[in-house]
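Readers should treat all values here as calculations from the given coordinates under stated rules, not as data from a laboratory. Since we're looking at a predicted model, the values are computed, not measured. Cβ placement follows ideal geometry from the backbone for every residue including glycine, while neighbour counts extend to all protein chains displayed.
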Amino acid sequence: MASVHVALSTHRTLHLRRTLLGVSVQSRPATSVIVSVDGDPDDVRRVVRDASAEFGLRIVLTMRPHQGVCRSAQVRNNAVRALRDPRAGVITRPDDIVVFYDGDCCPAPDALEQHSRLHEASGSRGVVLGHWIPLTPEQTEAFDEAALRAGNWPAKVDPKLLSKLAHREKRYRRQMFLKRIWLEKAHKPKLASGNFSVRLGDYMSVNGFDEGYEGYGQEDDDLGRRLYDAGVRPIVGVRQCLVFHQWHVSRAPTDWHNAPGVVRFNERYRVRSELGMDHPKNQPASSVEVFEPVPVA
């Protein structure tokens, strides 16, 4: 059975501890956990250090100074770079599964098990498309950590949201059919960067995220279409592979159509990105630090 690695990206401490709690209570434990930060703030390091001790979780932290603009694509690539870095002390293989989460997306207790199950059941190259349950500000404030530790959901979910997930899954499966007869957009069904998984070898084959994307948006759609173009099959896990998106003010641009990511997405692209894992956009060297869990006396 393939190893399962968690690549968690963030730029701040907000909701990070709870997300790491979710990672720590998985029914199938992660082989390794990487936290990649778009910046090098001391408060993030403290949260990661304290979470490692509190949850008994070995965490690899990689950081580099902020570059004056959001570089989510590069930060996610940095997580995979740290995963493969000898300083992390992690052994990887091309068929290993890398599950990508955002720092505000706390996984349901069986999320990693579901990602792994869907990969194993597919019997072919695939990218698992998970989704999220959006928590309201009130649900985020009342987040039930005890329930999560007991293997349950941390909030009561409106049945209407579950119905929406079912409709989304149905739409994704229809898009998969249309894709086979060349009647669907190249990036459909949609890969959401806050919750998806892919084999390490497939991720490397397209050079990871395109680091030419800066600011908010579309770097995940771009990765999805390049993986599909490379022959990686979409695997729908909308209702099985869930995270709880904790509320915060959105960074989405108000003028979406003229946002830099949207403009770049509409330009010509290569299946293997020019700026990516092998040829990163210029950045300072990243630190790699390992926090070992405190032994139980």
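Evaluate the distance, in nm, between pseudo-label points positioned 7 Å from the Cα of E184 and of A230 along their respective Cα→Cβ axes.
2.0
Residues of the stretch 24-45 with amide nitrogen under 15 Å from the 7 Å Cα-to-Cβ point of M1?
Correct set: 26-32.
Charges only on Cβ, +1 for Lys and Arg, -1 for Asp and Glu: so what's the dipole of the stretch 4-291 about the Cα centre, in debye to the nearest 20? Numbers along the way, then the final one.
Details: 42 positive and 35 negative charges, 208 e Å.
For this selection, approximately 1000 debye.
Once you list every other residue whose beta carbon is under 9 Å from the beta carbon of S72, what net charge do they have if Lys and Arg are +1 and Asp and Glu are -1? Kindly include the intermediate steps, with their values, before the conclusion.
On the way: positive: R71, R76; negative: D38, D102, E214, E219, D220.
Around S72, the surrounding residues sum to -3.
Find how many whole Å separate the alpha carbon centroid of the stretch 1-70 from the alpha carbon centroid of the stretch 208-257.
19
Find, among the chymotrypsin sites (Phe, Trp or Tyr not before Pro) in the stretch 166-264, those assigned to loop by DSSP (not H, G, I, E, B) with at most 11 other beta-carbon atoms within 10 angstrom.
On the way: sites: Y172, F177, W182, F196, Y203, F209, Y213, Y216, Y228, F244, W247, W256; in loops: W182, F209, Y213, Y216, W247.
Answer in residue order: W182.
If I stretch the segment between E289 and R239 completely, what's the gain in nm (0.36 nm per residue apart, minus their alpha carbon distance), one decimal?
Details: separation 50, 0.36 × 50 = 18.00 nm, distance 3.46 nm.
That pair, E289 and R239, stretches by 14.5 nm at full extension.
Round to the nearest 0.05 the FRET efficiency obtained for H248 and R93 when R0 = 25 Å and r is the Cβ-Cβ distance. Walk me through the numbers before you get to the answer.
Values: r = 36 Å, r/R0 = 1.43.
Approximately 0.10, to the nearest 0.05.
The list (i) 0.99; (ii) 1.06; (iii) 0.94 gives values of Cα Rg over 2.2 N^0.38 Å, and only one came from this structure; which label was calculated from it?
Identified label for the calculated read-out: (iii).
G39's amide H: which non-local residues (gap 5+, or another chain) put their own amide H closer than 5 Å, with H modeled 1.01 Å from N in plane and none for Pro or chain starts?
For G39, the qualifying residues are R64, H66.
Across the chain, how many lysine pairs separated by 8 or more positions, or lying on different chains, have Cα atoms within less than 19 Å?
Eligible lysine pairs with Cα atoms under 19 Å apart amount to 10.
Based on the mean of other Cβ atoms within 10 Å per residue, sort peptides 115-125, 57-67, 151-161 so the most packed one is first.
Values: 115-125: 16.2, 57-67: 20.5, 151-161: 13.5.
The packing order, highest mean first, is 57-67, 115-125, 151-161.
What nm value, rounded to one decimal, do you get for the distance between L161 and S124 when each label is placed 7 Å out toward the C-beta?
Taking the simple label geometry, L161 and S124 are separated by 3.4 nm.
Given points 7 Å out from each Cα along the Cα-Cβ axis, report the W153 to D85 separation in nanometres with one decimal.
3.7
GluC sites (Glu not before Pro) within the stretch 183-285: which are DSSP loop residues with at most 13 other Cβ atoms inside 10 Å? Display every interim value, and only then the final one.
On the way: sites: E184, E211, E214, E219, E267, E274; in loops: E184, E211, E214, E267, E274.
Counting only loop positions with at most 13 other Cβ atoms within 10 Å, the GluC sites (Glu not before Pro) in the stretch 183-285 are E267, E274.
Expected output is a single nm value to one decimal: the length gained when fully extending between A142 and N282, i.e. 0.36 nm times separation in residues minus the C-alpha distance. What is it?
46.3 nm
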